[in-house]
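These notes concern the structure reproduced below.
The values are calculated or read from the model by the stated rules, or taken from the named source; none is laboratory data. This structure is a prediction, so every number in the text was calculated from the model and none was measured. Quick reminder, even Gly has a Cβ in these numbers, built from the backbone with ideal geometry, and neighbours come from all protein chains shown.
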Amino acid sequence: MKRSSLRLLGLCLFFSLLMAAPAQAQLSKLHFGKYKIVSIRPHGFTSAGGAIQVEVANDSTAFDMKEIRGIVYRNGKPFVQGLCQDLHVASGSTTVRAEGTVSLCPGVSLWSVLGLLFSFDINEFTGDIRMKIIDAKGKEEPYEKQGISIAALLHNRR
């Protein structure tokens, strides 16, 4: 049960990280498709590392996303935080593999995660994202977005 809960939280965080970004001009032509979890490695009871592979269609030039950090809130309270390794998205990419770690925020117990198995509502979750986007010419732009609806992100995924 713990593994499936961390998997769900990891997916929520991953999609809040990656799918919030298309507001940037560089990322406006990046479209996401199916995903699959490649690996999950629990680190104790409150964190996990892992990788996910996502189908993409990058109709833009190559770019990088660096220093990717995010936090997912449940009913406005910090729930899980994560860090994703830097990503390079080549022009014409068809898949992107993202690796990172997620951990429960301070004050969140494993019991509250297990409770989601009985009363899970995706509408309770929002996220914040912060990263740097580096275009093909090397121009670096900070990107930050707050209050992202996780339900809307998962619903609008192509």
Evaluate the following for residue 115: is it closer than 24 Å to residue 46 by Cβ and in contact (Cβ under 8 Å) with a residue 40 or more places away in the chain? no
For residue 106, state whether it is part of a strand (DSSP E or B), over 22 Å from residue 51 (Cα atoms) and modelled with pLDDT of 90 or more. no
Counting only residues that are over 15 Å from the mean Cα position of the chain (by Cα) and among the hydroxyl-bearing types (Ser, Thr, Tyr), which one in region 57-80 is surrounded by the fewest Cβ atoms within 10 Å (Cβ to Cβ)? 61
Can you give me the ranges of the strands (runs of 3 or more DSSP E) entirely in region 1-99 with at least 1 residues that are modelled with pLDDT of 90 or more and out of contact with any Phe, Trp or Tyr (no Cβ under 8 Å at 6 or more places or on another chain)? 30-43, 47-58, 63-74, 77-84
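Residue check: is residue 140 among the acidic types (Asp, Glu) and either touching a Gly at 6+ places or on another chain (Cβ under 8 Å) or surrounded by 14 or more Cβ atoms within 10 Å (Cβ to Cβ) (or both)?
In short, no.
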Hey, could you check region 32-56 for residues that are without any contact (Cβ under 8 Å) to a residue 40 or more places away in the chain and surrounded by 14 or more Cβ atoms within 10 Å (Cβ to Cβ) and say which is farthest from residue 147 (Cα to Cα)? 40
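For region 94-149, enumerate the residues that are hydroxyl-bearing (Ser, Thr, Tyr) and more than 29 Å from residue 65 (Cα to Cα). Steps first, please.
Narrowing region 94-149 to residues hydroxyl-bearing (Ser, Thr, Tyr): 94-95, 101, 103, 109, 112, 119, 126, 143, 149.
Correct list: 109, 112, 119.
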Any residue at all in region 81-101 that is more than 19 Å from residue 148 (Cβ to Cβ), of a type in the set (Lys, Arg) and surrounded by fewer than 16 Cβ atoms within 10 Å (Cβ to Cβ)? yes
How many residues does region 118-150 hold that are closer than 14 Å to residue 81 by Cα and either of a type in the set (Ser, Thr, Tyr) or free of Cβ contacts under 8 Å to residues at least 12 places away in the same chain (or both)? 1
